[in-house]
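Trainee: Below is the structure I would like to discuss, written out as structure tokens.
The values are calculated or read from the model by the stated rules, or taken from the named source; none is laboratory data. Remember, it's a predicted structure, so these values are computed and weren't measured experimentally. Virtual Cβ from ideal backbone geometry, glycine too; neighbours counted across all protein chains shown. Heavy atoms of the whole protein, side chains included, go into the accessibility calculation; ligands, DNA and RNA do not. Shrake-Rupley method; radii C 1.70, N 1.55, O 1.52, S 1.80 Å.
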Protein chains: 4
Amino acid sequence: MANAAAKTQIRGPSRPKGQETAARVREAALKRFAASGYAAVSMREIAADVGVRPGALYNHFLTKQDILKDLMLSHMADLLEAWDSCDLGSDMDPLERFVRFHIRYHLEKADEVFISYMELRNLEPENFDVVEAERRRYEAILTEILLEGAAAGRYAVAEPKVATRAIIAMLTGIPSWYRAGGRLSKQDIEELYLELARKAVAPDAPPSLTGDRMT
Amino acid sequence: MANAAAKTQIRGPSRPKGQETAARVREAALKRFAASGYAAVSMREIAADVGVRPGALYNHFLTKQDILKDLMLSHMADLLEAWDSCDLGSDMDPLERFVRFHIRYHLEKADEVFISYMELRNLEPENFDVVEAERRRYEAILTEILLEGAAAGRYAVAEPKVATRAIIAMLTGIPSWYRAGGRLSKQDIEELYLELARKAVAPDAPPSLTGDRMT
Amino acid sequence: MANAAAKTQIRGPSRPKGQETAARVREAALKRFAASGYAAVSMREIAADVGVRPGALYNHFLTKQDILKDLMLSHMADLLEAWDSCDLGSDMDPLERFVRFHIRYHLEKADEVFISYMELRNLEPENFDVVEAERRRYEAILTEILLEGAAAGRYAVAEPKVATRAIIAMLTGIPSWYRAGGRLSKQDIEELYLELARKAVAPDAPPSLTGDRMT
Amino acid sequence: MANAAAKTQIRGPSRPKGQETAARVREAALKRFAASGYAAVSMREIAADVGVRPGALYNHFLTKQDILKDLMLSHMADLLEAWDSCDLGSDMDPLERFVRFHIRYHLEKADEVFISYMELRNLEPENFDVVEAERRRYEAILTEILLEGAAAGRYAVAEPKVATRAIIAMLTGIPSWYRAGGRLSKQDIEELYLELARKAVAPDAPPSLTGDRMT
DNA sequence: AATGAATGAGCATTCATTCAT
DNA sequence: CATGAATGAATGCTCATTCAT
């Protein structure tokens, strides 16, 4: 967790009120931004959600932009940290591991993911650059997996960077249509997308009948 | 062309001034909405781009919402119409045809495509429903292709609807990173994504012949 | 008159409403700024005085600062113009002419004068510089009078610039205590200050009894 | 020293911390008020200058208005007290003594003097009345000097109260343009203004002897 | 078809001040 | 004495929209 909220307990619970409020602001803003978009959300609405007067928000965030920045930066940090401490079996095929991790994380943190894509253009350039750098770091993880796998002959990818973007776009689209309680469970979706991704980069299927593939 | 403008073109160039203005409004709004988002764009900005006072916009569109609706509805109509009159060889494999069409169209109409994804939530429910219906019609085209291809044994897709969304998400992500003049040409990209899509739904290497693979 | 209001009649009374409103805004702002100070006056108050909603003010002035700038710049321009077209007998002693003009003008335009002194620090640097330049031009008029008079032996001034500031400060103080209907009429005040100013720069009184002054 | 701080100094340095803070608040407020005007200065700014949080100011002053009142009342008291204990030779001509005292005091306490003129209108009526009374007391000093001098034939003043205001306005204008290190030293200015003031109220050259002037 | 002026609601933000800790 | 958090009101300004001209 890279949330600013994490700093709460430094000096014990001496002044927990403000930290709680800040956390509730983050929470309310996240939902509102995801639902209506940054520009369409007013500080008044966030304040009302939190149960506080608008002016009080400024005890916790300098500006509205600062709330967005906080949400997006901590989301990216959380994502990378979550991958680093991903507890999916390390014996699993790396692509499978990445796909399963990505789907699970993106379904769990749908709002964070959504605004991190939708609100990029509302970030001030400096913050935009930070988020972009983190995004590239995340993509690099998959690119590296593809490169290594290709070198080992497990995958066939002409352009690992392109394949990276293609797979990530494919997976990231899931939360936009997945609805809990639908026909397909998260498990089902995970398996289906895993197969699509795996096949997309699979070594070329032997021209059907050529048994000479043991090279 | 499904642009509202087209609908009144019937009587020749009798009233070219207003039509022209309306077209310039559409053009300006399209660029602004794509760049900053519907909520962040003001009628004043659009008017300034067009070279007209804000009030004049209301001679051409009832409301700001109406401009968005016009752009999104006509985009969806244009997209479906473009598919219907797609001139890619009808002897081409249907999936290949769809992929090539989709990539070309989405790279050519990047702004329209972008806002049709980003601004869905800013559409009033009624307009939203129309756009959604069109989108489903478009997706149904690919789903149908996959179903038919699967029936013919050309593709293997466990869940054609899921595969549809996966492929479309994959392809639609292209304009977000493609830059003209980059290392890869549109042609290159088309081939790369075509291969990814094709393999993703390729029939599993016939189990009979894969016993010699490193299971 | 250098007031923007003067531009009103360019194209006949075709759109007189806006010009009238702008004039009323200037008038209301002038009184409020003089009474309470620029920083303490709200756009809402001005709008209420004018009988208009706050937003309407922005059809006539870009910002609150712009109103202040308009008032101060046009005051300085008016002042210099008034001096140029001053109809006090040109046969009058120049100092007398300046003193009478200054007192009359400053008693007539008390509010404008007041804010032009009090609100200098609330002007943005660029506008401040303009006003300061005008003020120096105005002071230069008196300095020139003193210099010429001294050269002609009519006045004795060791430092014309210092004497200028001294006299102007003395005269400009009048509106801060003068109240119409008081014991002294404007006429009285004019004569009294004229005498003080005249004597202040009078050639040194001959050490009382030395009749040798005909040099 | 008439500072409110002085009034609680009775028990020695028993509580130096609070006294120090109050003094620093006064100091910071003085500079800010002089630079930007009372209305344009926020308690937050003062607090920041002092190195304290806004709420802490209220341990030393009841309100923002109270700080202004404190500064202005103590300035007027200090001014009168300084005159009373003025150490300029008592054999000096009283007008000269007043002029020299006034210039020196006003150049030394430029900020205090400045706000005591500029912020009068921001004083609540009660405090305003007190300051006005003190100001009249101060002016009365010069009026008395002129009256006595006139009675003794040393000066000629038709209206001592008018002359008082004229001279004080003249002298008080100095700090608005004087800059240390300029061409004229404080000494120079003192002499120049002294001469102007002296001559302004000088007895008319005895009419009997002025027949030879260029009437 | 376009303008200039207006509206009424809303915006992000700041303010002086309070008060429990 | 100082703090951090809050309030309630206000601030300058922008907005989509209307409408007489």
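Trainee: Quick check for me: using +1 on Lys/Arg Cβ and -1 on Asp/Glu Cβ, what's the dipole size of chain D about its Cα centre, in debye to the nearest 20? Please report the intermediate quantities before stating the final value.
Mentor: Working: 29 positive and 32 negative charges, 168 e Å.
Dipole size: approximately 800 debye.
Trainee: Additional query: If you wrap a convex hull around the C-alpha atoms of chain D and split its volume per residue, what is the figure in Å³? Intermediate values should be presented prior to the final figure.
Mentor: Values: hull volume 36.1 nm³, N = 215.
Hull volume normalised by residue count: 168 Å³.
Trainee: How many square angstrom of accessible surface are buried between B and A, both sides summed, with a 1.4 Å probe and rounding to 100?
Mentor: Details: alone 12650 and 12660 Å², together 22180 Å².
That pair of chains buries around 3100 Å² in total.
Trainee: What is the sum of charges around B:Ala169, taking Lys and Arg as +1, Asp and Glu as -1, for the other residues whose C-beta is under 12 Å from the C-beta of B:Ala169?
Mentor: Numbers: positive: A:Arg165, B:Arg165; negative: B:Glu139.
So the environment of B:Ala169 carries a net charge of +1.
Trainee: Based on DSSP H runs of at least 4 residues, each adding -39500 (n - 2.57), what is the mean residue ellipticity at 222 nm of chain C after dividing by all its residues, to the nearest 500 deg cm²/dmol? Please list the in-between numbers first.
Mentor: Working: 9 runs with 133 residues, N = 215.
Theoretical 222 nm ellipticity from helices: -20000 deg cm²/dmol.
Trainee: Still on this model: Given B:Asn122, B:Phe101, B:Ala133, which one lies farthest toward the positive end of the charge dipole of the stretch B:94-215, if we put +1 on the Cβ of every Lys and Arg and -1 on the Cβ of every Asp and Glu?
Mentor: B:Phe101
Trainee: If you don't mind, there's one more thing I want to ask. Grab the other residues whose beta carbon is less than 13 angstrom from that of C:Glu190, score K and R as +1, D and E as -1, and report the net. Provide the component values of the computation, followed by the final result.
Mentor: Values: positive: C:Arg97, C:Arg100, C:Arg104, C:Lys186, C:Arg198; negative: C:Glu96, C:Glu108, C:Asp188, C:Glu191, C:Glu195, D:Glu159.
Around C:Glu190, the surrounding residues sum to -1.
Trainee: Report, as an integer, the average count of C-beta atoms from other chains found within 10 Å of each Cβ along A:158-171. Mind dumping the intermediate values first?
Mentor: Working: counts 5, 9, 0, 3, 10, 5, 0, 7, 13, 5, 3, 10, 13, 3.
If you average over the peptide's residues, the count of other-chain Cβ atoms is 6.
Trainee: Suppose R0 equals 51 Å; then what is the FRET efficiency for C:Lys17 and A:Lys17 from their Cβ-Cβ distance, rounded to the nearest 0.05? Mind dumping the intermediate values first?
Mentor: Numbers: r = 54 Å, r/R0 = 1.06.
That gives a FRET efficiency of 0.40.
Trainee: Suppose every K and R has +1 on its Cβ and every D and E has -1 on its Cβ; what is the size of the dipole of the protein assembly as shown about the Cα centre, in Debye to the nearest 20? All intermediate terms of the calculation are to be shown ahead of the outcome.
Mentor: Numbers: 116 positive and 128 negative charges, 242 e Å.
In total the dipole reaches around 1160 debye.
Trainee: How high is the relative contact order of the stretch D:13-61? Use alpha-carbon pairs under 8 Å, at least six apart in sequence, and give a whole percent. Let's see the in-between values first.
Mentor: Numbers: 30 pairs, mean separation 18.7, N = 49.
For the stretch D:13-61, the relative contact order is 38 percent.
Trainee: What's the magnitude of the charge dipole for the stretch D:82-175 around its Cα centre, counting Lys and Arg as +1 and Asp and Glu as -1 at the beta-carbon? Answer in Debye, nearest 20. Can you show the working numbers first?
Mentor: Working: 11 positive and 18 negative charges, 72 e Å.
Result for the stretch D:82-175 is approximately 340 debye, rounded to the nearest 20.
Trainee: Same structure, new question: For chain C, what is the relative contact order in percent, using Cα pairs closer than 8 Å and at least 6 residues apart in sequence? Intermediate results must be reported in sequence, preceding the final value.
Mentor: Numbers: 166 pairs, mean separation 44.1, N = 215.
Rounded, it is 21 percent for chain C.
Trainee: Which of A:Gly153, A:Gly55, A:Gly182 moves the most in a Gaussian network model of chain A with Cα springs under 10 Å?
Mentor: Residue with maximal mean-square fluctuation among A:Gly153, A:Gly55, A:Gly182: A:Gly182.
Trainee: Can you list the HN-Hα couplings for the stretch A:91-107, worked out from phi with the Karplus curve (6.51, -1.76, 1.60; θ = phi - 60°), rounded to whole Hz and with x for Gly and Pro?
Mentor: Result, ordered by residue: 8, 5, 4, x, 5, 4, 4, 5, 4, 4, 4, 4, 4, 4, 4, 6, 7 Hz.
Trainee: Continuing with this model, one more query. Averaged per residue, what accessible area in Å² does the stretch C:63-203 show with a 1.4 Å probe, protein chains only? List each step's numbers first, then the result.
Mentor: On the way: 6080 Å² over 141 residues.
That works out to 43 Å² for each residue.
Trainee: Oh, and also: Quick one: if the Förster radius is 30 Å, what FRET efficiency do B:Gln187 and B:Asp91 give, using the C-beta to C-beta distance and rounding to 0.05? Don't skip to the answer; put the middle values down first.
Mentor: On the way: r = 20 Å, r/R0 = 0.67.
After rounding, the FRET efficiency stands at 0.90.
Trainee: For B:Ala48, place a label point 7 Å from Cα along the Cα-to-Cβ direction in every copy; what are the distances to the other copies, in nm, shortest first?
Mentor: Once sorted, the set of distances for B:Ala48 reads 2.9, 3.0, 3.2 nm.
Trainee: Something else about it: What full-extension length gain, to one decimal in nm, is calculated for D:Tyr117 and D:Asp84 as 0.36 nm per residue of separation minus the Cα-Cα distance?
Mentor: Numbers: separation 33, 0.36 × 33 = 11.88 nm, distance 2.15 nm.
Full extension of this stretch gives 9.7 nm more.
Trainee: So, in Å, what gap is there between the alpha-carbon centers of the stretch A:30-63 and the stretch D:77-155?
Mentor: If you average the Cα positions of each part, the centres end up 55 Å apart.
Trainee: Nm distances between the label at A:Gln187 and the same-position labels in the remaining copies, 7 Å along Cα→Cβ, shortest first?
Mentor: Computed spacing set for this position: 4.9, 10.0, 10.9 nm.
Trainee: Using a Cα-Cα cut-off of under 22 Å, which lysines could be cross-linked to A:Lys161, ignoring same-chain neighbours fewer than 8 residues away?
Mentor: Excluding near neighbours in sequence, the set is A:Lys199, B:Lys186, B:Lys199.
Trainee: Put the label 7 Å from Cα along Cα→Cβ for B:Leu120; what are its distances to the other copies, in nanometres, shortest first?
Mentor: For B:Leu120, the inter-copy label distances come out at 1.8, 6.3, 6.9 nm.
Trainee: Where Lys and Arg each count +1 and Asp and Glu each count -1, what net charge lies around C:Thr63 among other residues with Cβ under 10 Å from its Cβ?
Mentor: Values: positive: C:Lys64, C:Lys69; negative: C:Asp66, C:Glu124.
Taking every Cβ under 10 Å from that of C:Thr63, the sum is 0.
Trainee: To test your reading of the geometry: what angle, between 0 and 90 degrees and rounded to tens, separates the Cα axis of helix A:16-36 from the longest principal axis of chain A?
Mentor: The answer is roughly 60 degrees.
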